[in-house]
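A quick write-up on the structure given underneath.
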Amino acid sequence: MYLLGEQPAYADRLINRLQGIPAQLLDGLAPSGDPIEIGSTRDIAAQLPEQQVFLVQRGLLHARVDERPLFYLRDGDLLGLRQGIELPTCHYCSDEPITLIPYARRAVFEHIHADAQRQELFTQYLIGHTALLSDALARLKQPEIRPTTGFQYFAEGEELIRQGDEADNVFIIIEGHAEAIVDGQKVGDVQRDEIFGAMAVFTQEKRSASVIASTACTVMVIPKDQFLGLMQNNPRIAHSLIESMARRIDLLNKEVTQLRLPMTA
């Protein structure tokens, strides 16, 4: 996926990282049929079979929202993967012939869920595209609509999350580094590409820790409703994410225990 118009440098870098994910998701999975050849079209969806995901092998597909171009898909991109993303409907058109490789939707998701690394990549892909598209829509339509997702910048020392606050968003650092703080004590690090702030969203409790930028950070922000929508439409990924968070919480508990031992002594 490539957004139209001038992009911030961090958005370009994120797009380039996401661009390599489809091939990794489909690696080892056989197509469900022969390549599909389609000429120029104003709405490609009407010409494609249902319950399929398509890899763009050749050509360029333009995505339009309210008849205005927003982004385009090219070789290596996936078509038909969007699920649970609360954004306006995109209509795909092409001014040139395009070749698509079909994959059975069910087989694609079974293949992704069979491997923990593919599950993690898929989560990054969905959330990354959600943030990019919402950010692009904000620039396209403001002040008509104001999506609450997108990107935020934090200087070194600023709080990304404050302990005790309501959990309204989930975050992913795309540039920079941060630290998790509980009751004034550092209990862990938050690295690039790590999803954080999700546990309080799932449990509907207040933030259990603060997260403070230890370097300048650019962060993807995903509103609670959008994040829960993505997880509800991809329950196996939600299960994998919860398992990952549980392991991290166990490690943090051990860190906190070690910090408190000297005080007890």
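The values are calculated or read from the model by the stated rules, or taken from the named source; none is laboratory data. All figures in this text were calculated on a predicted structure; none of them were measured in a lab. Positions of Cβ are backbone-derived with ideal geometry, glycine not excepted, and every protein chain shown enters the neighbour counts. To get the accessible areas, we keep the full protein, side chains included, count just its heavy atoms, and leave off ligands, DNA and RNA. Shrake-Rupley method; radii C 1.70, N 1.55, O 1.52, S 1.80 Å.
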Within region 178-198, can you find the residues that are surrounded by fewer than 20 Cβ atoms within 10 Å (Cβ to Cβ) and without any contact (Cβ under 8 Å) to a residue 60 or more places away in the chain? E179, I181, D183, G184, K186, D189, Q191, R192, E194
In a helix (DSSP H, G or I) and modelled with pLDDT of 85 or more: which single residue out of E110, E96 fits that description? E110
Can you tell me which residues in region 179-221 are closer than 20 Å to A11 by Cβ, within 22 Å of the chain's Cα centre (by Cα) and modelled with pLDDT of 85 or more? A213, A216, C217, T218, V219
When you go through (1) farther than 28 Å from F196 by Cβ; (2) modelled with pLDDT under 85; (3) touching a Leu at 6+ places or on another chain (Cβ under 9 Å) one by one for P143, which number turns out not to apply? (3)
Looking at (1) modelled with pLDDT of 80 or more; (2) polar (S, T, N, Q); (3) closer than 28 Å to I174 by Cβ; (4) crowded, with 16+ Cβ neighbours inside 10 Å, can you tell me which one Q24 breaks? (4)
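Being among the polar types (S, T, N, Q), more than 10 Å from P102 (Cα to Cα) and outside any strand (DSSP E or B) is the filter; apply it to region 18-50 and report the residue that is nearest to the chain's Cα centre (by Cα). Let's see the steps before the verdict.
Keep residues of region 18-50 that are among the polar types (S, T, N, Q), which gives 19, 24, 32, 40-41, 47.
If we keep only those that are more than 10 Å from P102 (Cα to Cα) too, we end up with 19, 24, 40-41, 47.
Cutting the leftovers down to outside any strand (DSSP E or B) gives us 19, 24, 40, 47.
Numbers: Q19: 12, Q24: 16, S40: 30, Q47: 28 Å.
Here the residue is Q19.
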Neighbours by Cβ (under 7 Å, 6+ apart or cross-chain): first from region 151-163, within 10 Å of A178 (Cα to Cα); second open to solvent by less than 70 Å² (accessible area, probe 1.4 Å) and of a type in the set (F, W, Y): L160/F154; L160/F171
